[in-house]
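Below is one structure; the comments refer to it alone.
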Amino acid sequence: MHSLACLEDKLHEECGVIGIYAKESEVVPQMLCFGLIALQHRGQESAGIAVVKDNKMQYYKEMGLVQEVFNTSILNRLHGDVGIGHVRYSTTGESYASNAQPLVVRYKGGSIALAHNGNLVNANAIRSELEDDGSIFQTSIDTEVIANLIAKHYHLGMKQAIVESVKQIKGSYALVIVMEDKLIGVRDPNGIRPLSLAKLEDGYVLASETCAHDVVGGTFIRDIEPGEMVIIDQNGVESVFFDQSSRKAVCAFEYVYFARPDSIIDGRNVFVSRKEAGKILAQENPVDADMVIAVPDSGTAAAIGYAEESGIPFNVGLIKNKYMGRTFIQPDQKSRELAVRLKLNAMKENISGKRLILIDDSIVRGTTSAKLIKMLKDAGATEVHLRVCSPPVIHSCHFGIDTPNRQHLIGAVKTLSEICEAIGADSLAYLSPEGLIKGIGLSRNELCTACFDGNYPMEVPENGDKHIFEK
């Protein structure tokens, strides 16, 4: 079965991670749960928490949304003052509870809990080497590769074991680890996936996004730097740089779609970046119309910016059903069509007789765009001009985004006019690459824009345009 999220015409982030060190707190499991709810947009497939107290590790993970997986009874059974949490949308490994994270493994030195956001491009090769040396794998996720490497190098000591392990892996990763009653955070040398540090009254928080810091009462300190490991214990925060040889390459899609608009990633507020990109989109691609509307919620900030810059009023044209929960449907064509109407409905009173500018963050396959435009016209819109607040997605991602193969990316196989005709828009325009970079507010050399231009920050596999993992 497929969740409704899997049927959306959007790219999907792999997951979100959080870690808390609070030795004087008795509510670390509850705080981790609240933080995961704040990160729920990064993964709706499974959720898990692992905590440790006095070297005793406990964990619980299951398929489902955070509030479906955890309740008061379960949280009260978990006792720990150091812990990590994870929400998952699978890009590698199948959708089984055994593949849910955090991954907890025992090794000669004790227990380790590990949660990973990202994707390794050399996981299969390392897995094969480890299996040849006698390692046994219980899951099909590349996170277990990292855990096995750490266990292999444990004789070097905790710090050096992790450093030696991450030096062997290639790809994107933001890691939170519990080991020896310490909380460890690691960010890949390119900084593709986000990870930041905040201060609690009695400890520290690591999280994929600052919105999770806010929920648990953390005060933002800084982003973890690319190629940096932080070790948090009773002595505070120790920083270790294990690789500073690579260029910074933060995923541009964090700003386009993935991150919550109230988060700050590498010094840039996501809402401000999206709104600024919308203004640039209006400058680059103006059109005469009566109203600017958004595809909620990810297109809203850009639509506000487009409206401000163009002078055309912003209004609500599509209403989003926020209470679907985990709705499962069969993936047949009729159900796909029903799914779009279940999630979004047109505001006939606002749009009837109007020429609309519809703002969306991106187009992947184009199927949802076509359904939305038909829905708006059926509701009485006289014209629908689609403006997309990112460049065409024309390449697959190898770094933790569930991207279709190129033949399914409409931007890779059709011209602009062909896409416009296929989706039934009266006109279509995308934000330029230069406009996107200017809107984000980072330099081109600080961003990964590979899905738009094929400029990957490292060598990637060539097997069928996407890295295929064993499942």
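The values are calculated or read from the model by the stated rules, or taken from the named source; none is laboratory data. Fair warning: this is a prediction, and the values are worked out from it, not measured in the lab. Backbone-built Cβ (ideal geometry, glycine too); neighbour counts: all protein chains shown. These accessible areas exclude ligands, DNA and RNA; they are computed on the full protein's heavy atoms, side chains included. Shrake-Rupley method; radii C 1.70, N 1.55, O 1.52, S 1.80 Å.
Find the residue count for region 18-27, including only residues that are in a loop (DSSP other than H, G, I, E, B) and not hydrophobic (A, V, I, L, M, F, W, C).
Looking only at that region, the number is 4.
Could you name every one of the helices (runs of 4 or more DSSP H) located completely within region 355-439 that has at least 1 residues being closer than 24 Å to Glu459 by Cβ?
Details: elements: 367-378, 410-413, 416-423.
Of the helices (runs of 4 or more DSSP H) lying wholly inside region 355-439, those with at least 1 residues that are closer than 24 Å to Glu459 by Cβ span 410-413.
Out of Ala307, Ala302, Ala289, Ala282, report the one residue that is open to solvent by less than 40 Å² (accessible area, probe 1.4 Å) and either at positive phi or in a loop (DSSP other than H, G, I, E, B) (or both).
Criteria check complete, one pass: Ala289.
Anything in region 75-103 that is at pLDDT 95 or above, surrounded by fewer than 24 Cβ atoms within 10 Å (Cβ to Cβ) and in a loop (DSSP other than H, G, I, E, B)? List them, or say none.
Leu78, His79, Asp81
Can you tell me which residue among Pro433, Pro461 is in contact (Cβ under 8 Å) with a residue 40 or more places away in the chain, more than 20 Å from the chain's Cα centre (by Cα) and over 19 Å from Pro286 (Cα atoms)?
Result: Pro461 is the single residue among Pro433, Pro461 that is in contact (Cβ under 8 Å) with a residue 40 or more places away in the chain, more than 20 Å from the chain's Cα centre (by Cα) and over 19 Å from Pro286 (Cα atoms).
Which residues, counting only those in region 245-273, are open to solvent by less than 20 Å² (accessible area, probe 1.4 Å), touching a residue at least 60 places away in the same chain (Cβ under 8 Å) and more than 16 Å from Ala198 (Cα to Cα)?
Across region 245-273, the qualifying residues are Ala249, Val250, Cys251, Ala252, Phe253, Glu254, Tyr255, Val256, Phe258, Ala259, Ser273.
So which residues in region 390-415 are in contact with a strand residue (DSSP E or B) (Cβ under 6 Å, 6 or more places away or on another chain) and either open to solvent by less than 20 Å² (accessible area, probe 1.4 Å) or more than 27 Å from Glu45 (Cβ to Cβ) (or both)?
Residues satisfying the conditions are Pro391, Pro392, Phe399, Gly400.
Would you pick out the residues in region 28-74 that are open to solvent by less than 70 Å² (accessible area, probe 1.4 Å) and in a loop (DSSP other than H, G, I, E, B)?
Leu39, Gly43, Gln44, Glu45, Gly64, Leu65, Phe70
Out of region 161-175, which residues are hydroxyl-bearing (Ser, Thr, Tyr) and touching an Asp or Glu at 6+ places or on another chain (Cβ under 8 Å)?
Ser172, Tyr173
Would you call Cys451 modelled with pLDDT under 95, closer than 26 Å to Gly191 by Cβ, in contact with a strand residue (DSSP E or B) (Cβ under 9 Å, 6 or more places away or on another chain) and of a type in the set (A, V, I, L, M, F, W, C)?
It is true that Cys451 is modelled with pLDDT under 95, closer than 26 Å to Gly191 by Cβ, in contact with a strand residue (DSSP E or B) (Cβ under 9 Å, 6 or more places away or on another chain) and of a type in the set (A, V, I, L, M, F, W, C).
All but one of (1) outside any strand (DSSP E or B); (2) closer than 22 Å to Gly441 by Cβ hold for Arg222; which doesn't?
Condition (1) is where Arg222 drops out.
So which of Ile440, Ile410 ends up being touching an Asp or Glu at 6+ places or on another chain (Cβ under 9 Å), over 23 Å from Gly317 (Cβ atoms) and among the β-branched types (Val, Ile, Thr)?
Within the list Ile440, Ile410, the selection yields Ile440.
If I filter region 314-323 for residues that are closer than 22 Å to Gly439 by Cβ and either open to solvent by 10 Å² or more (accessible area, probe 1.4 Å) or at pLDDT 95 or above (or both), do I get at least one hit?
Yes, that holds for at least one residue.
Go through (1) open to solvent by 40 Å² or more (accessible area, probe 1.4 Å); (2) farther than 19 Å from Ile84 by Cα; (3) at pLDDT 95 or above; (4) of a type in the set (Phe, Trp, Tyr) for Phe242 and report which single condition fails.
Evaluating Phe242 over (1) open to solvent by 40 Å² or more (accessible area, probe 1.4 Å); (2) farther than 19 Å from Ile84 by Cα; (3) at pLDDT 95 or above; (4) of a type in the set (Phe, Trp, Tyr) leaves (1) as the failure.
Conditions: (1) out of contact with any Pro (no Cβ under 6 Å at 6 or more places or on another chain); (2) farther than 21 Å from Val316 by Cβ; (3) open to solvent by less than 50 Å² (accessible area, probe 1.4 Å); (4) at pLDDT 85 or above. Ile373 meets all but one. Number of the miss?
Ile373 satisfies every listed condition except (2).
Would it be correct to say that His213 is in a helix (DSSP H, G or I) and under 20 Å from the mean Cα position of the chain (by Cα)? First the steps, then the outcome.
Numbers: in a helix (DSSP H, G or I): yes; under 20 Å from the mean Cα position of the chain (by Cα): yes.
For His213, the condition - in a helix (DSSP H, G or I) and under 20 Å from the mean Cα position of the chain (by Cα) - is met.
Can you tell me how many residues within region 106-127 are modelled with pLDDT of 90 or more and of a type in the set (Ser, Thr, Tyr)?
Summing the residues that are modelled with pLDDT of 90 or more and of a type in the set (Ser, Thr, Tyr) in region 106-127 gives 1.
Taking the condition of being more than 16 Å from Gly80 (Cα to Cα), in contact with a strand residue (DSSP E or B) (Cβ under 6 Å, 6 or more places away or on another chain) and open to solvent by 10 Å² or more (accessible area, probe 1.4 Å), how many residues in region 180-209 meet it?
1
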